[in-house]
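To start, the structure itself, in structure tokens.
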Amino acid sequence: MTGPIPLSGRQPKAVRSALHVLEEVVAAGPGVTAKEISESLAMPQATTYRILNLLVAEEYLVRLPDLSGFALGRRAARLALPATTVLNTAARAVVDHMRAQTRWAVHVAWFAAGQISLIDPDPDHPAPDASQLARFPYAFALGRLLLAEQADWRALVRDVRPFTARTVTSESELDRTLKAVARDGLARQCGEFREDRGCIAVPIRGPRDGRLVAGIALAGPTARIAEPNEEIIKLLRDHAARLAPLLA
Amino acid sequence: MRDEARLRLRSRSPVEGLERRRLGPLEVFAQSVSGAAPSAAMAATPAIVAVSAGHGTVWSFAIATVLALLVAGCIARFTRRMAASGGLYSLTAKGLTPAAAYASALASLLGYGLLAAGALVGATLYLQALLDLWGVGGGRLGAAVVMAVIGLGTGVLVLRGARLSARVVLLAESISITLMLIVFSLLLAGGPAGGAAGGAGPAEATAMPPPGFGGIVAGVLPALAAFIGFEIATSLGTEVRKPFRSVPRAVGLTAAVAGVLYVFAAQVQVFGFSATPGGLAGQAEPVVALAAAKGWGWLPVLLDLGLVMSFVACGLATATALARVLFSLSRDGVAPQAFGRTHRRFRTPHLAVLASVPVTTGVPVVLLAVGVPLPTVLVTVLTLAACGFLLAYLLVCAAAPVFLHRIGELTWPAVAVSAVIVPILLVVLVAFVATRPLSGLLLAGLAVLGAAGYLVVRLKRPAALAGIGVYDETTTADVLIPDRGAA
């Protein structure tokens, strides 16, 4: 979605300076000013301002409301590996209980800093390919939960390509789909990644702040997933609600 | 580690409700180009400039281009750092006092409102000329109907969303500029017109003045007025993807592209009339006269088509900007609260559109209906609009270094540019008003009204006035805060 950044690769100094500035903002904490950065890096002021404006334009940094302080922007989160967690025993018991209720696969994914990681794929079923899930979140139910939560989902979607004839690839249709996900608190895809497989996912939110922390998904045959499945969705929601205090 | 109180982050942007971060760089560039409406100025302005600058016309345009680029540079000091919806006044507020920001807001409202009305008049004028050519003009009533229809269409498109109208604008402006380039390239290839070209208006023909320095400087005045509207992208800051890159680029590129087009058009016309007594300065419709001299009767049709497209695009772009200024003023608490509402589905400030477009359409329709000739309306409206824009430019250029000083990012080029451009703009504004007594009188009246309005707001809503200049602030959702991950 976002075009490549034109860089000839002949400005090693500028690249190095940009990385130093990013590092300095992390080290100094949110609210650090351009002058402070320039002084602590012993970098010429004009250069520092230019680099800061560039990093702000690319949304790695943001200016705070006083316009003089800087902080890391959401996009910067993508530079680091997501901090994943392992399910604790209580949470694992809830997931196992869910698995016992259905013949379909039950997966749990963790959402941190705009990235998805499968923290508990179903051991008795083939799990979705983690790298594909991270790269093409729009084609997965779990990915759609994450995208629906973003102010602008386009920032997290690199290239949109069809995997099957059913894959939703048009921007406007995807936008509608994601709005529905946000509204219903339910994501579904039927045969959009693999013809024969579909998936239903519901969000797991922090009980205090309502922040999306994880998602729990059911994967099964496309035709079955496309059915209303009201009972099993209710079951899934119940388990998500029980997981919320254990994960957040 | 700084405490979070220092960050003072809001959970929602003060300009929430607009379609945030949606327009592409090309769409916002097209808006700015349409605001400047280079096609119309290419056809009409060189002859006006030539009255004082003579053979130095091209130089007047070159100087005006440099000035426009300097103004664009001053605007970019803000737009690289903040994304706003209120255009220049939101920026000015970050450098100067609330009173100056208020003045800038009024100047912008005046400028955009009049330019929107002027664009509508221009579109009607040239569309009528085309329709008359095909024998379906329908006289004054026909023109009023045409005008109302264009106004209605503009209102609907602006209401439906920035994205849709931006695409229409992009298409219309591309066609218009392409037509203009074809017209002017043909004229250039055709060589200078013979002595007969002046026949279009021999009574008006005056001797082309020698290209003195004073003449060239005087020519900068109308030449600079040809650029007004090029900053329109600043009012779309909230709605553009990567605003800190796209908006300053759109404004700067528009100044550069319009400048190149003007210099080219001026060169073609000066050259075209080089063999005609009186030269370009004596021409009322230079392009038509040049085409007539070559026996190309079809060329004015192309020209008119291009002008209609350009005026329609200009009307759309300015109506979009006008609604955003009203919207932003409302979110400031200065304008009525209703203007700050946004349509749930279209995500546009629909009430601000509904309040402004009927006015910018209705007034010219009424003027037309009571029999005021359209060309007179167009000239008066554009002159007044130019004054509004010049005042807004002056204020934003003066605000730029103060703003940079305030946030601790002042550099000497910023001071130098403002030190050069502010006195020049001041002189241009004073000269502009002084040489047009009627406009000066009207402006004085408006200034008195504006001052009265300022006093009322200061008395009734002092807090709102003090905090004037909302913009699309960074919210908690945009920031990575340690220990919390992405909020």
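The values are calculated or read from the model by the stated rules, or taken from the named source; none is laboratory data. Predicted, not measured: the structure shown is a model, and the values here were computed from it. Cβ placement follows ideal geometry from the backbone for every residue including glycine, while neighbour counts extend to all protein chains displayed.
Under the condition of being within 11 Å of chain A (Cβ to nearest Cβ) and surrounded by fewer than 16 Cβ atoms within 10 Å (Cβ to Cβ), the residues counted in segment B:458-476 number 1. Scanning segment B:64-91 for residues that are more than 14 Å from chain A (Cβ to nearest Cβ) and part of a loop (DSSP other than H, G, I, E, B) yields a total of 3. Of all residues in segment A:139-169, those being more than 15 Å from B:R22 (Cα to Cα), assigned to a loop (DSSP other than H, G, I, E, B) and not basic (K, R) number 11. Given the criteria touching a Ser or Thr at 6+ places or on another chain (Cβ under 8 Å) and either part of a loop (DSSP other than H, G, I, E, B) or buried (at least 21 other Cβ atoms within 10 Å of the Cβ) (or both), does B:F339 qualify? Yes. B:R331 satisfies every condition listed in (1) in contact with a Pro (Cβ under 7 Å, 6 or more places away or on another chain); (2) outside any helix (DSSP H, G or I) except (2).
Screening segment A:21-138 for helices (runs of 4 or more DSSP H) wholly inside it with 1 or more residues that are within 14 Å of chain B (Cβ to nearest Cβ) returns the ranges A:34-41, A:45-57. All of (1) touching a residue at least 60 places away in the same chain (Cβ under 8 Å); (2) more than 26 Å from B:S330 (Cα to Cα) hold for B:R347 with one exception: (2).
Counting the residues of segment B:410-440 that are in contact (Cβ under 8 Å) with a residue 12 or more places away in the chain and within 13 Å of another protein chain (Cβ to nearest Cβ) gives 2. Among residues of segment B:314-325 that are of a type in the set (V, I, T), those with a Cβ under 7 angstrom from a residue that is not in a helix (DSSP H, G or I), sequence gap 6+ or separate chain, pair up as B:T318/B:G229; B:V325/B:G86; B:V325/B:G87. The residues of segment A:60-80 that are buried (at least 19 other Cβ atoms within 10 Å of the Cβ), among the small types (G, A, S) and more than 19 Å from B:R77 (Cα to Cα), listed by number, are A:A71, A:G73, A:A76. A:V202 meets the conditions (1) within 18 Å of the chain's Cα centre (by Cα); (2) more than 20 Å from A:V157 (Cα to Cα); (3) surrounded by fewer than 19 Cβ atoms within 10 Å (Cβ to Cβ) in every case but one. The failed one is (3). Scan segment B:254-264 and give yes if some residue there is at pLDDT 95 or above, in contact with a Leu (Cβ under 7 Å, 6 or more places away or on another chain) and crowded, with 24+ Cβ neighbours inside 10 Å, otherwise no. Scanning segment B:254-264 turns up at least one residue that is at pLDDT 95 or above, in contact with a Leu (Cβ under 7 Å, 6 or more places away or on another chain) and crowded, with 24+ Cβ neighbours inside 10 Å.
In segment A:126-154, the residues that are at negative phi reach residues that are among the acidic types (D, E) with C-beta atoms within less than 7 angstrom, at least six apart or across chains, in these pairs: A:A139/A:E192. With respect to (1) under 22 Å from B:L429 (Cβ atoms); (2) assigned to a loop (DSSP other than H, G, I, E, B); (3) aliphatic (A, V, I, L, M); (4) touching a Ser or Thr at 6+ places or on another chain (Cβ under 7 Å), the lone exception for B:A116 is condition (2). Would you confirm, using the coordinates I've provided, whether B:A451 is surrounded by fewer than 21 Cβ atoms within 10 Å (Cβ to Cβ) and more than 13 Å from every other protein chain (Cβ to nearest Cβ)? Yes: the conditions hold for B:A451.
Scanning segment B:263-281 turns up at least one residue that is among the hydrophobic types (A, V, I, L, M, F, W, C) and within 30 Å of B:R77 (Cα to Cα).
Of note, B:A203 does not satisfy the criterion of being at negative phi, modelled with pLDDT under 85, assigned to a helix (DSSP H, G or I) and more than 14 Å from chain A (Cβ to nearest Cβ). Scanning segment B:351-373 for residues that are in contact with a helix residue (DSSP H, G or I) (Cβ under 6 Å, 6 or more places away or on another chain) and free of Cβ contacts under 8 Å to residues at least 12 places away in the same chain yields one hit, B:L367.
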